[in-house]
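Heads up, the thing below is written out as structure tokens.
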Amino acid sequence: MQPVLSLSGLAKSYGKIQALKGVSFEVPEGAVFGILGPNGSGKTTLLSIILDILKADSGSFAWFGEPGSPATRKRIGSLLETPNFYHYLSAVDNLNITHAISGRGDKTDIDRVLEIVKLTERKRSRFSSYSLGMKQRLAIAAALLGDPQVLVFDEPTNGLDPVGIAEIRELIKELAGRGKTIIMASHLLDEVEKVCTHVAILKRGTLITAGSVDEVLANEDIVEIASADTATLLELVKGFPGYTHIKQDGNKVLLYFPIGTAKLAEVNRYCFEKGATLSHLYAKKKSLEAKFFELTNENTQNN
Ligand code: ATP
């Protein structure tokens, strides 16, 4: 399947500061894709480039396989900074203004987006009477005008109280359930683990790793195996003791073990004794965990 977004070698400097140093990854359709990194790692710069707010020094990106096509812009809704809503106007009046300025959606769309963000009951109240969480939900409603296929959010839960954070995370999951692809920056590992399906980890402008959250952040050892007959392999390996779960990924079978308990040789022997010769045997976890430790370690020093 064609990725929704692909980045190839994106680089950007502000004078002497290299904010992005050649970043490449792909965002699959339907993903909730977290861009995870400590403050200053380049997340906002990256989002600004893919939204055409900033120009990269080198490298390229393509939405829906079309490099720089303006036709794709209507398919992307974004929230980078909190919009300047009028404090004395209601949610409906504010969204009417957003619609008039951006050309996104129409009058009927306003009720639809307010329903999604659960502001219908308060849609006639003044913006100034809203909680921070409600204000952020209205900002997300503005991004939803015109029903874009992709949503890009920069730190969507920043500054909110625990209730507001939980509401926004729920809303993101709900939008994903409606088939949207979501790209969001976050500096919280916990948030990415809870909300995202995929992650790209940035450290000082360099991509440390990217992939599905299961693979990148799982607190587990993952043993990847393959043989000529994947279906048979999947069935027979279910009898192997000690794993927490098993997943098929294309022509590979992934076995998940509690951290530190996977024994490659035993998996290999077990499969062989059951009649399957492995063409592939690989422990995935360790290097990724080490890479992530590198990142969080620096995070701790920064705080
Ligand atoms: P934060 O969460 O703190 O916004 P971030 O991961 O989004 O961090 P960026 O805002 O992209 O990171 O910043 C990356 C680097 O580029 C940082 O060192 C930052 O100080 C620098 N930077 C960002 N914008 C500018 C600018 N307009 N002028 C100079 N330096 C900048």
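The values are calculated or read from the model by the stated rules, or taken from the named source; none is laboratory data. Keep in mind it's a predicted model, so treat the numbers as computed, not measured. FYI the Cβ positions are ideal-geometry reconstructions off the backbone, even for glycines, and counts take in every protein chain you see. Note: accessible area is taken over every heavy atom of the protein model, side chains too, but ligands, DNA and RNA are not part of it. Shrake-Rupley method; radii C 1.70, N 1.55, O 1.52, S 1.80 Å.
Data overview
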read-out	value
Any pair with Cβ under 6 angstrom, 6 or more apart, that starts in region 32-51 at a residue that is assigned to a helix (DSSP H, G or I) and ends at one that is among the aromatic types (F, W, Y) and more than 8 Å from the ligand (Cβ to nearest atom)	I50/F61
Criterion (within 17 Å of G22 (Cβ to Cβ) and open to solvent by less than 60 Å² (accessible area, probe 1.4 Å)) met by exactly one of L79, L54, L36	L54
Residue match in region 184-192 (condition: open to solvent by 40 Å² or more (accessible area, probe 1.4 Å) and among the polar types (S, T, N, Q))	no
Pick from region 151-206, criterion acidic (D, E) and at negative phi, ranking: farthest from the ligand (Cβ to nearest atom)	E174
Filter pass, L89 being assigned by TED's automatic domain parsing to the domain that holds N158 and open to solvent by less than 20 Å² (accessible area, probe 1.4 Å)	no
Selection from region 51-94 of residues that are under 26 Å from the mean Cα position of the chain (by Cα) and aliphatic (A, V, I, L, M)	L51, I53, L54, A56, A62, A71, I76, L79, L80
In region 270-282, residue most open to solvent (accessible area, probe 1.4 Å) [restricted to those that are outside any loop (DSSP other than H, G, I, E, B) and of a type in the set (S, T, Y)]	Y282
Subset of region 242-269 [open to solvent by 40 Å² or more (accessible area, probe 1.4 Å), assigned to a loop (DSSP other than H, G, I, E, B) and closer than 15 Å to Y282 by Cβ]	G250, N251, K263
Flag if I168 is touching a Pro at 6+ places or on another chain (Cβ under 8 Å), open to solvent by less than 10 Å² (accessible area, probe 1.4 Å) and in the same structural domain as R137 (by TED's automatic domain parsing)	yes
Whichever residue in region 97-154 is closer than 17 Å to K74 by Cα and of a type in the set (S, T, Y) and, among such residues, is least open to solvent (accessible area, probe 1.4 Å)	T98
Candidates L20, L5, L46 - the one that is open to solvent by less than 10 Å² (accessible area, probe 1.4 Å) and more than 10 Å from the ligand (Cβ to nearest atom)	L5
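Residues checked against (1) of a type outside the set (K, R); (2) in a loop (DSSP other than H, G, I, E, B):
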| site | (1), (2) |
| --- | --- |
| G105 | yes, yes |
| T108 | yes, no |
| D111 | yes, no |
| K135 | no, no |
| T157 | yes, yes |
| I168 | yes, no |
